[in-house]
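Enquirer: Structure incoming, see below.
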Amino acid sequence: MSGESIVRTFYAALGEGKILGTKCGECGSYSFPPKTACTECGSRDIEVVEMSGDGELQFYSSGGLPPLRFADYAPYAYGLVKLKEGPMWLTMIKGVEVVDHDKMEAFFTTLPVAVKAKIAEVAGTNIVTFEV
Amino acid sequence: MSQLRLNRGSSIVGVGCTEFGNMLETPGIKGLCTEELAVKAAFEALDDSGLEPKDIDAFFIGGVQMSTAHMFAHYSRMCDWLGLQRKPGLHFETACSTTNTGAGLAAMAIGSGRWDNILVVGVDSILSHPVDNPPERVPQDAGELWTTTDYGADQEYAVPHGWDIAPGYGAFPTLAYAQRYGLTLAQMDEIMFNMHMTVRRQAVLEPKAFIKQDLPTLAASVGIPDPWEFWNSQYNPYAAWPTRALSCLNPCDGASAYVVTPADKAKQYTDTPIDILGFDWAAYNGLADKDPLNWDVDRLPFEGAYKMAGIAPADIDYLSVHDCMQIYQLVLAEVAGYLEKGQGYKAFLERRTGSDGDKPICTHGGKHGKGHAFGASGGSDIYEAVKQMKGAAGARQIAKQPAISVVHNAGYCMHTAVTVLGRRD
Ligand SMILES: [Zn+2]
């Protein structure tokens, strides 16, 4: 590792509209978000790559007791996305119903559906959300 | 490299557990400080084993929530209270699986030949925290408790992205189960209701459980005669749709302990030693794996522990799984091979998972009924398994006294520990 923080690099790149992950030189797997080893095989032979931002929404819900830092955003959708490159990621979901449970159930029966990454500032930080 | 056989086997010869509840109000633990809470469980375990502090060679103490206990260095903070001053001791934690992991740690310490008698203790005091005039404590804010509990989750990425356990560990496996096995969400709700009927009925049969009312009694207390109507009422809102509040853990205060000795000496201390036949662990950073109904972090330790113990799923008489979200009674019973994949829900619908059923699971009421005292919960689960295996579980005794029990705990977020326990003869 160089003295450069991969976390700092990741958040800086979000500010420029880029979503970074890593690709493994040994097993070929993608990891997201970027850390210091491959999340599949543990290899340290990884390179930082730009992710497509494409994915599939597997499931989503809305927490009744959200973390304190997100209280002002409640109710919001929180979902499980399978990225096109393979990794699973939990994050906020835009463009879905969060109050009417009948509508949520009707939509649930259509899952998984394609979603697209949307960088958004939430609680003072740029994060990767996904939009239906 | 790893080996499946230790040089020497080990056995649990004494168990202890406090009442699980709230140190500000629950009889039995009301008014204690955290040290005294731990001591209560530890001395019960010593009494159960017939050993004295002088007989203990080393001690391992688990505790997770330092922010509410106002404690780290549990070995020094508690060694004198326990009568273990100047003995080898350490503080360890694997979050909510801590005192399940402790069984494997003790087995290895004994298996290596270094020490004979090990005391494992777990303690967490999370519903309140100390103030400046000991031993007084004041209630802990629930939101603040979760903020510090989330220090166990990935703070660099996952937490800023909205990390929330109720959807992640409650709603998504519930939705995934419905989707995979063609059940409607109404059917899932019926499964969760019936599971909860069993959970609370079991809790009422365990005097040390946090929950004191079965579901019909709770419903009647607010003037609703039908528990199903109560289940669907304003009294049971969604924690994260379609997961209801009653399907979630009850965080609480509590302590647990057990004494482990070499298997070949265990008969000196008890007529019915409970052998630690196998154990395995796995760590994983995340609240989602590729298959939401079969996480590697659970599957691998089940497989590893069974292999070490030389058992197959069909051998299991009693299963304890980490049901901090109750859907995991179903999901993990299937991962464990205790219930058939895609069919396990029937056992809950038919209420066959109580102590009078043919597939007993978490007979103390689990993390909702008995309650969830983080670092003490694994030891509470082992306490229940040992009591059942010794035929000492009172009103909740399983008719066919278990010979093989499997205890699973998932530490936030995530560490899975699986321990296989066996009764001789
Ligand atoms: Zn790799």
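The values are calculated or read from the model by the stated rules, or taken from the named source; none is laboratory data. This is a predicted model, so every value here is computed, not measured. Here the Cβ is made from the backbone with ideal geometry for all residues, glycine too, and neighbour counts use every protein chain on show. Keep in mind that these areas ignore ligands, DNA and RNA; they rest on the heavy atoms of the full protein, side chains included. Shrake-Rupley method; radii C 1.70, N 1.55, O 1.52, S 1.80 Å.
Enquirer: Look at B:Met78 and say whether it is touching an Asp or Glu at 6+ places or on another chain (Cβ under 9 Å), under 30 Å from B:Ala393 (Cβ atoms) and in a helix (DSSP H, G or I).
Expert: Numbers: touching an Asp or Glu at 6+ places or on another chain (Cβ under 9 Å): yes; under 30 Å from B:Ala393 (Cβ atoms): yes; in a helix (DSSP H, G or I): yes.
Taking the combined requirement at face value, the residue satisfies it.
Enquirer: Being surrounded by fewer than 19 Cβ atoms within 10 Å (Cβ to Cβ), away from the ligand (no atom under 16 Å from the Cβ) and in the same structural domain as A:Thr110 (by TED's automatic domain parsing) is true for just one of A:Lys84, A:Lys18. Which residue is that?
Expert: Details: A:Lys18 fails: in the same structural domain as A:Thr110 (by TED's automatic domain parsing).
Answer to the check: A:Lys84.
Enquirer: Could you please tell me which pairs satisfy a Cβ distance under 6 Å, a separation of 6+ or placement on different chains, a first residue in segment B:120-146 that is within 14 Å of chain A (Cβ to nearest Cβ), and a second residue that is open to solvent by 10 Å² or more (accessible area, probe 1.4 Å)?
Expert: Sorted first by the residue in segment B:120-146, then by its partner, the pairs are B:Gln140/B:Leu127; B:Gln140/B:His129; B:Gly143/A:Leu68.
Enquirer: Another question, then. B:Ile191 fails exactly one of the following numbered conditions: (1) more than 14 Å from every other protein chain (Cβ to nearest Cβ); (2) open to solvent by 20 Å² or more (accessible area, probe 1.4 Å). What is the number of that condition?
Expert: Result: B:Ile191 passes all but (2).
Enquirer: Taking B:Ser320 as meeting all but one of (1) of a type in the set (Gly, Ala, Ser); (2) within 14 Å of chain A (Cβ to nearest Cβ); (3) closer than 30 Å to B:Thr34 by Cα; (4) open to solvent by less than 20 Å² (accessible area, probe 1.4 Å), write down the number of the exception.
Expert: (2)
Enquirer: Which of the residues spanning segment A:21-72 are within 16 Å of the ligand (Cβ to nearest atom), part of a strand (DSSP E or B) and away from chain B (no Cβ under 12 Å)?
Expert: A:Thr22, A:Lys23, A:Cys24, A:Tyr30, A:Ile46, A:Glu47, A:Val48, A:Val49
Enquirer: When you check B:His322 against the structure, is it assigned to a strand (DSSP E or B) and either among the small types (Gly, Ala, Ser) or within 29 Å of B:Thr261 (Cα to Cα) (or both), yes or no? It would help to see each step written out before you state the result.
Expert: Values: assigned to a strand (DSSP E or B): no; either among the small types (Gly, Ala, Ser) or within 29 Å of B:Thr261 (Cα to Cα) (or both): yes.
So B:His322 fails the test.
Enquirer: Here's a follow-up. With respect to the numbered conditions (1) buried (at least 17 other Cβ atoms within 10 Å of the Cβ); (2) out of contact with any helix residue (DSSP H, G or I) (no Cβ under 8 Å at 6 or more places or on another chain), which one is the sole condition not fulfilled by B:Pro173?
Expert: Single failed check for B:Pro173: (2).
Enquirer: Still on this structure, please answer the following. Only residues in segment A:16-32 that are on the phi > 0 side of the Ramachandran plot count as the first member; pair them with residues that are more than 8 Å from the ligand (Cβ to nearest atom), Cβ under 9 angstrom, at least 6 apart or cross-chain, and list the lot.
Expert: Within 9 Å, the pairs are A:Gly17/A:Ile119.
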